[in-house]
C-alpha cells in the first residue's frame, strides 16, 4: 500500500487510510515514542482530530510505502524518522483493541490476520472498542 499524507490531513484521515488496507489494525498517535516492548501511556495519545502539521510543522507532503511484509516496529520507525510522528499499532481482538507492543516483530499481514481470526468469533461494532495492552 502507498499512503499519501499531506500537512492538512487530520490524523483521523491517516488512520482511516491505513485501516482501509488493514481492517483489523489501527494507528494511534502519541507525543512521544514508546520504549521497546512497553506500551505508551494513554496520557500521551494525540487527539485524532488534529492535523498532521500540528504534530509536525515541517511535514508538507509525503508518500509512504507500507508493504504487508513490513513489521510493526519498522512501520513505527518509518513514521518517526520520515514523518516525525510517533505511532503505536493496535490489533483488534473481538471487541477490544490490543496495543501490539509484545508482537512488534510481526508483519502487518500477520497482525491483521491474527486480528481477523480473533474477531470473527466475537464480532462487534468497532466504534465501541476499548484499548488494552497486549500480553503474551
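Looking at (1) in a loop (DSSP other than H, G, I, E, B); (2) at pLDDT below 95, which is the only condition residue 43 fails?
For residue 43, the failing item is (1).
Going through region 4-19 one residue at a time, which ones are in contact (Cβ under 8 Å) with a residue 40 or more places away in the chain and either surrounded by 15 or more Cβ atoms within 10 Å (Cβ to Cβ) or closer than 13 Å to residue 53 by Cα (or both)?
So the first thing to find is which residues in region 4-19 are in contact (Cβ under 8 Å) with a residue 40 or more places away in the chain, and the list is 4-11, 18.
Those that are in contact (Cβ under 8 Å) with a residue 40 or more places away in the chain and either surrounded by 15 or more Cβ atoms within 10 Å (Cβ to Cβ) or closer than 13 Å to residue 53 by Cα (or both): 5, 6, 7, 8, 9, 10, 11, 18.
Restricting to region 29-40, give me the number of residues that are within 21 Å of residue 111 (Cα to Cα), without any contact (Cβ under 8 Å) to a residue 60 or more places away in the chain and assigned to a loop (DSSP other than H, G, I, E, B). Reasoning before the result, please.
The initial filter retains those residues of region 29-40 that are within 21 Å of residue 111 (Cα to Cα), namely 29-30, 33-40.
Narrowing further to those that are without any contact (Cβ under 8 Å) to a residue 60 or more places away in the chain: 29-30, 33, 35, 40.
Filter once more, keeping what is assigned to a loop (DSSP other than H, G, I, E, B): 33, 35, 40.
Of the residues in that region, 3 qualify.
Looking only at region 50-80, count how many residues are at pLDDT 95 or above, assigned to a loop (DSSP other than H, G, I, E, B) and closer than 12 Å to residue 14 by Cβ.
2
Considering each residue of region 5-28, count those that are farther than 18 Å from residue 96 by Cα and assigned to a strand (DSSP E or B), and give that number.
Residues that pass the stated criteria total 3.
Go through region 56-72 and give me each residue that's surrounded by 16 or more Cβ atoms within 10 Å (Cβ to Cβ) and more than 13 Å from residue 5 (Cα to Cα).
70, 71, 72
The values are calculated or read from the model by the stated rules, or taken from the named source; none is laboratory data. Keep in mind the model is a prediction, meaning the values are calculated, not measured. Glycine also receives a Cβ, built like all others from the backbone with ideal geometry; neighbour counts cover every protein chain displayed.
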